[in-house]
Amino acid sequence: QGLDEIVVEQLRLQARPANLSEWEATVAAVRHPRDSVDIAIVGKYVEHKDAYKSLGEALRHGGVRQATRVNLHWIDSERVEAEGAAALLGEVDAILVP
């Protein structure tokens, strides 16, 4: 609490007020997205979320940049064969097969 001011003073630095506009825009995009998108991730190992964790995080981060909520639907590829693509994928906006 106030440590930053002490350091700046001791080092005789010129401190400018922080420009938080980009951060505030990012927070606003997360809290109040303008849009949403449903993406089906169809794969063999979707029950192991860690197998595709980086993929899901990348999609969510891209959504933040576009002020869009990304809703991921993890679908086992065997279910697509058994139940049919139209039944499982008919309502999504995009399909990703890693």
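The values are calculated or read from the model by the stated rules, or taken from the named source; none is laboratory data. Quick caveat: nothing in here was measured; it's all calculated off a predicted structure. Using ideal geometry, Cβ is built from the backbone for each residue, glycine included, and neighbour counts are taken over all protein chains shown.
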Out of (1) in contact with a helix residue (DSSP H, G or I) (Cβ under 9 Å, 6 or more places away or on another chain); (2) modelled with pLDDT under 90; (3) surrounded by fewer than 14 Cβ atoms within 10 Å (Cβ to Cβ), what's the single condition that is false for Leu13? (2)
Complete set of residues in region 51-73 that are more than 30 Å from Glu22 (Cβ to Cβ) and either among the basic types (Lys, Arg) or within 15 Å of the chain's Cα centre (by Cα) (or both): His73
Can you pull out the residues in region 27-50 that are within 16 Å of Ala82 (Cα to Cα) and charged (D, E, K, R)? Lys44
Selection from region 30-47 of residues surrounded by 11 or more Cβ atoms within 10 Å (Cβ to Cβ) and not charged (D, E, K, R) yields Val30, Pro33, Ser36, Val37, Ile39, Ala40, Ile41, Val42, Gly43, Tyr45, Val46
For region 64-75, does any single residue satisfy the condition of being surrounded by fewer than 12 Cβ atoms within 10 Å (Cβ to Cβ) and not acidic (Asp, Glu)? yes
Sole exception among (1) out of contact with any Leu (no Cβ under 7 Å at 6 or more places or on another chain); (2) of a type in the set (Val, Ile, Thr); (3) surrounded by 13 or more Cβ atoms within 10 Å (Cβ to Cβ); (4) modelled with pLDDT of 95 or more for Val27, by number: (3)
